[in-house]
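See structure below.
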């Protein structure tokens with residue numbers, strides 16, 4: 001039986017100034033199917049779906065919903081056509097409960113909290129969600145927040161759902177639960193579009209795959225006929241090698257030594273509990289753990305951004321000397337003033353890493369503006385660095401002075417990673433360096449990290465993809481509930497072993513050590 005077309009986007013074009021985000025794109029979305037939308041960073045995937053959800057309006061082209069021409073000029077119009085989009089960055093009010101977020105902006109009986117809570121429970125039962133209507137958002141895990149976003153659009157009657165990078169911050173277990181729910185929605189006749197960069201997930205969940213390249217439509221293929229290699233070549237337009245290199249560690253020297261590191265939240269909750277380990281020059285130390293297990297606090301403590309316990313010690317062992325410098329109690333400026341070049345790519349790209357209203361040149365200057373000896377800032381070197389990063393990392397931007405918040409998430413990440421590596425660090429820490437990046441750019445980042453490793457840099461890599469951690473890292477430190485649950489050899493361990501260490505806290509004498 002032939003599936004009915006829920007949405008037809010015909011010859012869609014959208015430009016932002018001189019930047020052509022989508023050009024003459026035509027795609028079909030069918031009822032009762034899961035369509036994956038693939039493309040490199042900046043290829044126009046999210047822009048295309050933002051036009052379907054009413055955030056943007058196309059400059060040219062037509063949209064048909066259930067065979068009828070549609071004019072979608074706002075998210076309200078999109079909901080009227082049964083279209084709902086779950087964005088990569090959640091749109092929730094933290095101090096509200098789940099049900100209060102669901103009815104936010106609605107009127108009449110749809111806004112009645114008692115009736116809404118009952119309907120939320122019915123939606124959960126129908127599709128397999130697990131959520132408490134009365135739970136506050138600030139007490140929810142990332143996966144619970146995402147579940148709430150999906151329930152919000154289903155409550156409003158959406159039959160066509162768009163999910164932008166839905167598994168970006170989920171563990172493998174949470175991803176599998178989400179996929180179970182998505183398959184249930186498909187069985188119920190919903191049309192589902194997933195924007196993602198994770199090709200193994202595309203092959204696992206979708207029925208068809210549509211590929212965009214540089215804002216233009218490349219093609220649509222049946223998932224059963226696709227492979228990781230074939231999809232990558234369609235995205236990039238050429239053959240590329242998908243092997244992560246892992247050079248042998250040569251002459252490792254202790255660079256960072258952490259002892260008894262404990263970090264407490266203001267309410268007394270321990271985010272890190274008595275963490276101890278070493279990071280060596282010329283190696284990549286991976287940090288694995290379920291989201292929220294202390295990865296962020298660990299890197300921020302080393303960088304001088306977290307208050308730590310009085311008995312904690314973070315020693316920096318200077319290269320080619322026997323000098324050890326205590327970093328506890330020193331802020332990032334004090335660490336730099338000691339001549340320590342420590343680079344940090346934080347999880348929050350635009351909150352901590354870059355200033356969104358500034359262009360690439362000005363963001364390059366943030367790393368060294370204090371070096372000036374006059375009231376006037378020298379822009380020549382930062383401009384040259386911005387141009388170099390734009391060219392070498394293929395940053396898609398109309399110009400190096402365009403505010404970085406106007407770039408796609410992947411291109412923002414390229415700017416941040418490029419700037420931190422350009423500082424020639426002795427220690428490089430990255431938190432989810434490839435989150436939201438297409439596979440081609442991800443492999444570029446892996447190559448850059450290995451170049452740093454060869455240069456004798458101590459690289460600390462926090463990642464969420466266990467397959468990558470096992471291929472890229474020399475050792476893997478596993479955090480579970482703020483504890484070091486094991487340190488394993490990246491060449492000898494298995495995905496199952498790391499997964500167990502992530503989820504089952506072991507006794508002290510049962511932990512591995514490498």
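The values are calculated or read from the model by the stated rules, or taken from the named source; none is laboratory data. Being a predicted model, the structure only gives us computed values, none of them experimental. Here the Cβ is made from the backbone with ideal geometry for all residues, glycine too, and neighbour counts use every protein chain on show.
Looking at segment 198-302, what strands (runs of 3 or more DSSP E) fall wholly within it and have at least 2 residues that are in contact with a strand residue (DSSP E or B) (Cβ under 7 Å, 6 or more places away or on another chain) and farther than 21 Å from residue 44 by Cβ?
Strands (runs of 3 or more DSSP E) meeting the threshold: 254-264, 270-280, 283-288.
Restricting to segment 166-197, give me the number of residues that are without any contact (Cβ under 8 Å) to a residue 60 or more places away in the chain and either under 16 Å from residue 436 (Cα atoms) or assigned to a loop (DSSP other than H, G, I, E, B) (or both).
Counting residues in segment 166-197 that are without any contact (Cβ under 8 Å) to a residue 60 or more places away in the chain and either under 16 Å from residue 436 (Cα atoms) or assigned to a loop (DSSP other than H, G, I, E, B) (or both) gives 2.
Got a sec? Which of 394, 420, 378, 347 is modelled with pLDDT under 85 and touching a strand residue (DSSP E or B) at 6+ places or on another chain (Cβ under 6 Å)?
Exactly one of 394, 420, 378, 347 is modelled with pLDDT under 85 and touching a strand residue (DSSP E or B) at 6+ places or on another chain (Cβ under 6 Å), namely 347.
Residues are listed down the side, and each one gets a yes or a no for (1) surrounded by 20 or more Cβ atoms within 10 Å (Cβ to Cβ); (2) closer than 26 Å to residue 201 by Cα; (3) assigned by TED's automatic domain parsing to the domain that holds residue 206; (4) without any contact (Cβ under 8 Å) to a residue 24 or more places away in the chain:
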{"site": "10", "(1), (2), (3), (4)": "no, no, yes, no"}
{"site": "24", "(1), (2), (3), (4)": "no, no, yes, no"}
{"site": "87", "(1), (2), (3), (4)": "no, yes, yes, no"}
{"site": "99", "(1), (2), (3), (4)": "yes, no, yes, no"}
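Based on what the data block shows, is residue 315 at pLDDT 90 or above and outside any loop (DSSP other than H, G, I, E, B)?
yes
Residue by residue, here is whether (1) modelled with pLDDT of 90 or more; (2) more than 21 Å from the chain's Cα centre (by Cα); (3) surrounded by 23 or more Cβ atoms within 10 Å (Cβ to Cβ) holds:
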{"position": "415", "(1), (2), (3)": "yes, no, yes"}
{"position": "429", "(1), (2), (3)": "yes, no, yes"}
{"position": "435", "(1), (2), (3)": "no, no, no"}
{"position": "444", "(1), (2), (3)": "no, no, no"}
{"position": "458", "(1), (2), (3)": "yes, yes, yes"}
{"position": "468", "(1), (2), (3)": "no, no, no"}
{"position": "478", "(1), (2), (3)": "yes, no, yes"}
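So residue 294 clears everything in (1) under 15 Å from residue 459 (Cα atoms); (2) crowded, with 22+ Cβ neighbours inside 10 Å except one condition, right? Which one?
So the condition that residue 294 fails would be (1).
Working carefully through the options 232, 227, 220, find the one that is within 27 Å of residue 444 (Cα to Cα), assigned by TED's automatic domain parsing to the domain that holds residue 28 and over 25 Å from the mean Cα position of the chain (by Cα).
Sole residue among the options that is within 27 Å of residue 444 (Cα to Cα), assigned by TED's automatic domain parsing to the domain that holds residue 28 and over 25 Å from the mean Cα position of the chain (by Cα): 220.
Consider segment 64-78. How many of its residues are touching a residue at least 12 places away in the same chain (Cβ under 8 Å), in contact with a helix residue (DSSP H, G or I) (Cβ under 8 Å, 6 or more places away or on another chain) and surrounded by fewer than 19 Cβ atoms within 10 Å (Cβ to Cβ)?
0
So residue 255 fits all but one of (1) within 26 Å of the chain's Cα centre (by Cα); (2) surrounded by 15 or more Cβ atoms within 10 Å (Cβ to Cβ); what number is the exception?
Failing condition for residue 255: (1).
For segment 235-252, which residues satisfy the criterion of being surrounded by fewer than 13 Cβ atoms within 10 Å (Cβ to Cβ) and farther than 16 Å from residue 443 by Cα?
Selection gives 248, 250, 251.
Do you know which of the residues in segment 129-144 that are farther than 15 Å from residue 93 by Cβ and crowded, with 16+ Cβ neighbours inside 10 Å is farthest from the chain's Cα centre (by Cα)?
Selected residue: 132.
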